[in-house]
1. Just one of (1) open to solvent by 80 Å² or more (accessible area, probe 1.4 Å); (2) touching a residue at least 40 places away in the same chain (Cβ under 8 Å); (3) part of a loop (DSSP other than H, G, I, E, B) trips up E97, so point out which.
2. So T113 clears everything in (1) outside any strand (DSSP E or B); (2) of a type outside the set (D, E); (3) at pLDDT 95 or above; (4) closer than 15 Å to T54 by Cα except one condition, right? Which one?
3. Report, by residue number, each residue of the stretch 102-115 that is open to solvent by less than 50 Å² (accessible area, probe 1.4 Å) and over 23 Å from the mean Cα position of the chain (by Cα).
4. Provide a single number: the residues in the stretch 13-59 that are in a strand (DSSP E or B), touching a residue at least 40 places away in the same chain (Cβ under 8 Å) and among the hydroxyl-bearing types (S, T, Y).
5. For the stretch 66-94, which residues satisfy the criterion of being modelled with pLDDT of 95 or more and part of a helix (DSSP H, G or I)?
6. Name every residue in the stretch 1-59 that is under 22 Å from the mean Cα position of the chain (by Cα), modelled with pLDDT under 90 and open to solvent by 20 Å² or more (accessible area, probe 1.4 Å), in order of residue number.
7. Going through the stretch 129-161 one residue at a time, which ones are more than 27 Å from K180 (Cβ to Cβ) and of a type in the set (A, V, I, L, M, F, W, C)?
8. Provide a single number: the residues in the stretch 116-137 that are at positive phi and either outside any loop (DSSP other than H, G, I, E, B) or open to solvent by 30 Å² or more (accessible area, probe 1.4 Å) (or both).
Amino acid sequence: TELDPRLLVGGWSVTDGSEAGYRVDEVLNGTDVTVTGRTDEVTGTFTIDDTGLTLTAAELTVDVASIETDSANRDAYFRDEALRTDEFPEAAFVLTEPVTLESAPASGDVVQTAATGELTIAGQTRTVTAEIEVRSDGTTAEIAGSIPITFSDFGVEAPDLGFVSVEDSGAVEFQLTAAKS
């Protein structure tokens, strides 16, 4: 059944069960490894216009100091050296262009779209495009997405510690659950 777009109109807030973080490839002792860091310390709001088809505003904030991988040493480097979380404890994404769907999706169907906004990491802000997937039944919404980034664009140096080197590009990823505000 097609979702009544009027169910989507208004404000939405990120709820428990949401997470965000990063994915990056590193070479550890000559072996390629994909590393993911995650935190559930994510907040945010979304606003959908009166048509129910256009996302007009979105703001997400992530507590980057709480992002964890499988390595305490890596996490310490990430917090203290790469992202300088004592100075820049949060990363943020703010939508800068409305996102309009052509028609209302069926309830529970996954819709793929792209969202352009400003991503701020370590005090540096860049315009990025997030590839996102959205699914909603009109009461809750699930939003998953990925933003490819180059760390040096944000003044973040990828570590090269001899036995481990990290690629200069990776992705910011998020899996969010939202409910009407």
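The values are calculated or read from the model by the stated rules, or taken from the named source; none is laboratory data. A quick note: this is a predicted structure, and the numbers were derived from the prediction, not measured. Cβ atoms come from the backbone with ideal geometry, glycine included; neighbour counts cover every protein chain shown. Just the protein is used for accessible areas: all its heavy atoms, side chains included, with ligands, DNA and RNA removed. Shrake-Rupley method; radii C 1.70, N 1.55, O 1.52, S 1.80 Å.
1. (2) is the only condition that E97 fails.
2. Every listed condition holds for T113 apart from (1).
3. A104, A106
4. Qualifying residue count, the stretch 13-59: 6.
5. S66 - this is the single residue of the stretch 66-94 that is modelled with pLDDT of 95 or more and part of a helix (DSSP H, G or I).
6. Answer for the stretch 1-59, where residues must be under 22 Å from the mean Cα position of the chain (by Cα), modelled with pLDDT under 90 and open to solvent by 20 Å² or more (accessible area, probe 1.4 Å): just V33.
7. Residues satisfying the conditions are I149, F151, F154, V156, A158, L161.
8. Selection size over the stretch 116-137: 1.
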